[in-house]
1. As an exercise: evaluate S213 against (1) in contact (Cβ under 8 Å) with a residue 24 or more places away in the chain; (2) of a type in the set (S, T, N, Q); (3) open to solvent by 30 Å² or more (accessible area, probe 1.4 Å) and give the number of the one condition it does not meet.
2. State whether one or more residues within the stretch 125-134 are at pLDDT 85 or above, touching a helix residue (DSSP H, G or I) at 6+ places or on another chain (Cβ under 7 Å) and of a type in the set (A, V, I, L, M, F, W, C).
3. Every residue in the stretch 44-73 that is open to solvent by less than 100 Å² (accessible area, probe 1.4 Å) and either more than 25 Å from T85 (Cβ to Cβ) or not hydrophobic (A, V, I, L, M, F, W, C) (or both), please.
4. Could you list, in sequence order, the residues of the stretch 251-269 that are farther than 25 Å from S213 by Cα and surrounded by fewer than 16 Cβ atoms within 10 Å (Cβ to Cβ)?
5. Which of (1) in contact (Cβ under 8 Å) with a residue 60 or more places away in the chain; (2) in contact with a helix residue (DSSP H, G or I) (Cβ under 6 Å, 6 or more places away or on another chain) does S206 not meet, given it meets every other one?
6. Can you name every residue in the stretch 248-274 that is touching a residue at least 24 places away in the same chain (Cβ under 8 Å) and charged (D, E, K, R)?
7. In the stretch 173-187, which residue that is under 8 Å from the mean Cα position of the chain (by Cα) and surrounded by 18 or more Cβ atoms within 10 Å (Cβ to Cβ) is nearest to W223 (Cα to Cα)?
8. Test of understanding: among G290, G294, G274, G245, which residue is surrounded by fewer than 17 Cβ atoms within 10 Å (Cβ to Cβ) and at pLDDT 70 or above?
Amino acid sequence: MLDWIFEGIATWVASVMTQIMDAISGVFIGALGTDMTAMEEYFPFAVSAYTIIQYTAWALLFLVAVWQIFRAFSGPLAETENPLTILVRGAIFGFLIAYAKPIFSLALDIARAPYTALMDSTLDPGDFTFAGIEQALSSGLTTLVSVSTVVGLILLIILMIALAWNYFKLLLETVERYVLVGVLCYTSPLAYAMGVSKATSRVFQSWCRMVGSQLLLLVLNVWFLRAFNSSVGQFIANGGALTNGQGNVFLWLFCALALLKIAQKCDSYLAALGLSVAQTGSSSCWHGRGCRRGRNPVRLYEPLQA
């Protein structure tokens, strides 16, 4: 009686999980590409407020330029730039503010080539559905857990929930990273306003590095999701077996979960390499010695101590 109850629960949980995963699989990476279509249609205020952001950027550029020119008249102790240099840089970046969104669109076009190539690459062993995981896990657990069928059914429920939960978390990270690229696009005039002076140019340089890093992360989202999908198809085809005769259902499952967790923390890994990636979601930070979460700022690099 107990085995029958657990079997019904396990079958229901597995079927619900696989149906949900099949329903949302491929929807996100197809709709959230390297264009601002979803951002503009889901958040129309960002489009209508873009002109306000531009005027705000021009005003900010004017204030920074006036302040730096005012400091130049205070004498050599101020260590400021040449006023003529400030005027030239102000004219250049004022022009860039006017064409901030087209310039950002050019960067998106550059990222579209690898994004589209990863999307169009064929999967081996081809099309699949997540529904096959249920039967593959059930058969694999039956051969590995022969002492008690209840133990196998409990393991099936735990493993399916863990797999589906981490898959949903990765999809949420993918959406957050896309929305962040949209925010960088429609607030880009403010970044150009910081390039008028050497004192504020570091803000503009950091923004440029963040844009490049986020576009790289946008492309890596497709790589991770398609790698996981191909892993599911391969597992359903051979049951997790390897060509060397090793491998089983548990090895494949832990490898798949590890891939999903690495994909969620990819922004933290890129930040540790020195790229200016904004960490979203539950990505873990890289703490130095003496750094407490929520109190001290994170230091990616620490000087060597003798």
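The values are calculated or read from the model by the stated rules, or taken from the named source; none is laboratory data. All values derive from a computational prediction rather than experimental measurement. No Cβ is skipped: glycine too gets one built from the backbone with ideal geometry, and neighbour counts run over all protein chains shown. In case anyone asks, the SASA skips ligands and DNA or RNA and just uses the protein heavy atoms, side chains included. Shrake-Rupley method; radii C 1.70, N 1.55, O 1.52, S 1.80 Å.
1. Going through (1) in contact (Cβ under 8 Å) with a residue 24 or more places away in the chain; (2) of a type in the set (S, T, N, Q); (3) open to solvent by 30 Å² or more (accessible area, probe 1.4 Å) one by one, S213 breaks only (3).
2. First, the residues of the stretch 125-134 that are at pLDDT 85 or above: none.
Within the stretch 125-134, none of the residues are at pLDDT 85 or above, touching a helix residue (DSSP H, G or I) at 6+ places or on another chain (Cβ under 7 Å) and of a type in the set (A, V, I, L, M, F, W, C).
3. Step one: list which residues in the stretch 44-73 are open to solvent by less than 100 Å² (accessible area, probe 1.4 Å), which gives 44, 46-51, 53-54, 56-61, 64-66, 68-69, 71-72.
Those that are open to solvent by less than 100 Å² (accessible area, probe 1.4 Å) and either more than 25 Å from T85 (Cβ to Cβ) or not hydrophobic (A, V, I, L, M, F, W, C) (or both): P44, A46, V47, S48, A49, Y50, T51, I53, Q54, T56, Q68, R71.
4. L251, F254, C255
5. (2)
6. Within the stretch 248-274, the subset touching a residue at least 24 places away in the same chain (Cβ under 8 Å) is 248-250, 253, 255-257, 259-264, 266-267, 270-272, 274.
Within the stretch 248-274, K261, D267 qualify.
7. Narrowing the stretch 173-187 to residues under 8 Å from the mean Cα position of the chain (by Cα): 173-178.
So of that shortlist, the ones also surrounded by 18 or more Cβ atoms within 10 Å (Cβ to Cβ) come out as 173-174, 177-178.
On the way: E173: 14, T174: 11, R177: 14, Y178: 15 Å.
It comes out as T174.
8. Values: G290 fails: at pLDDT 70 or above; G294 fails: at pLDDT 70 or above; G245 fails: at pLDDT 70 or above.
So the residue among G290, G294, G274, G245 that is surrounded by fewer than 17 Cβ atoms within 10 Å (Cβ to Cβ) and at pLDDT 70 or above is G274.
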